[in-house]
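J.: Got a structure here, written out as structure tokens. Questions coming.
The values are calculated or read from the model by the stated rules, or taken from the named source; none is laboratory data. All of these numbers come straight from a predicted model, not from anything done at the bench. Using ideal geometry, Cβ is built from the backbone for each residue, glycine included, and neighbour counts are taken over all protein chains shown. Side chains are part of the model used for accessible areas, which takes the heavy atoms of the whole protein and leaves out ligands, DNA and RNA. Shrake-Rupley method; radii C 1.70, N 1.55, O 1.52, S 1.80 Å.
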Amino acid sequence: MIDADGYRPNVGIVLLNADGRLFWARRVNRDGWQFPQGGMRSDETPLEAMYRELEEETGLAAHHVEVLAATRGWLRYRLPNRFVRHHQHPTCIGQKQVWFLLRLTGGEDALKLDACEKPEFDLWRWVDFWYPANHVVNFKRQVYERALRQFAPMVESVCSVTIGTCPASAAPQSATG
């Protein structure tokens, strides 16, 4: 499902533990790490898509989490031209996303990356709040920052932690690291 502007509706999931750290997972057979996310079906609401993607990608069900917040409106990112499939119509130029902030209420043992037939992730860990905004693939960074900025006050309140503002994520990193 691609909208008239070329964006695929999608949901993103920021999963929080009691310490204010975030679930960060590595894509199967890739070096890329990211938050769980996935496309919406035409018959789904963003909330329904989020619960489906949560279970498919992490093995967690609705009773393992509490929904704390969702981003206001769609957050968009464009795909680099090399990832755009120009031969497909309609052509998808990027994703428009609703992000959800979830708190893990069950134990970590409920996390099952192989819960579906074709797992998305093969490894996960808990990371500091702003870490993903500085370590996700470049073309997703602005969306990650925007979602995390919206969620930061809620995380500080719920977890009684001080997160502060996003460190200088716009600073370019050298090719060597």
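J.: When segment 38-51 is examined, which residues are found to be part of a helix (DSSP H, G or I), touching a residue at least 12 places away in the same chain (Cβ under 8 Å) and open to solvent by 10 Å² or more (accessible area, probe 1.4 Å)?
T.: P46, L47
J.: Now for a separate question. Inside segment 1-37, can you point out the residues that are more than 21 Å from W74 (Cα to Cα), touching a residue at least 60 places away in the same chain (Cβ under 8 Å), open to solvent by 30 Å² or more (accessible area, probe 1.4 Å) and not polar (S, T, N, Q)?
T.: Within segment 1-37, A18, D19, R21, R26, R27, V28, G32, W33 qualify.
J.: A follow-up question, please. Out of (1) over 20 Å from the mean Cα position of the chain (by Cα); (2) among the hydroxyl-bearing types (S, T, Y); (3) modelled with pLDDT of 90 or more, the odd one out for T176 is which?
T.: Checking T176 against (1) over 20 Å from the mean Cα position of the chain (by Cα); (2) among the hydroxyl-bearing types (S, T, Y); (3) modelled with pLDDT of 90 or more, the one that fails is (3).
Let's see how each residue does on (1) open to solvent by less than 50 Å² (accessible area, probe 1.4 Å); (2) modelled with pLDDT of 95 or more; (3) within 14 Å of the chain's Cα centre (by Cα); (4) within 30 Å of I2 (Cβ to Cβ):
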| site | (1), (2), (3), (4) |
| --- | --- |
| P80 | yes, no, no, yes |
| H87 | no, no, no, yes |
| L123 | no, yes, no, no |
| V143 | yes, yes, yes, yes |
| A147 | yes, yes, yes, yes |
| P172 | no, no, no, no |
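J.: Of all residues in segment 1-51, which are under 16 Å from A110 (Cα atoms) and over 14 Å from the mean Cα position of the chain (by Cα)?
T.: N17, A18, listed by residue number.
J.: Looking at segment 57-116, what strands (runs of 3 or more DSSP E) fall wholly within it and have at least 1 residues that are closer than 25 Å to P153 by Cα and touching a Gly at 6+ places or on another chain (Cβ under 6 Å)?
T.: The strands (runs of 3 or more DSSP E) meeting that bar are 75-78, 94-104.
J.: Here's something else I'd like to know. Just the residues that are in a helix (DSSP H, G or I) and surrounded by fewer than 16 Cβ atoms within 10 Å (Cβ to Cβ), please, taken from segment 125-141.
T.: Matches in segment 125-141: N138, F139.
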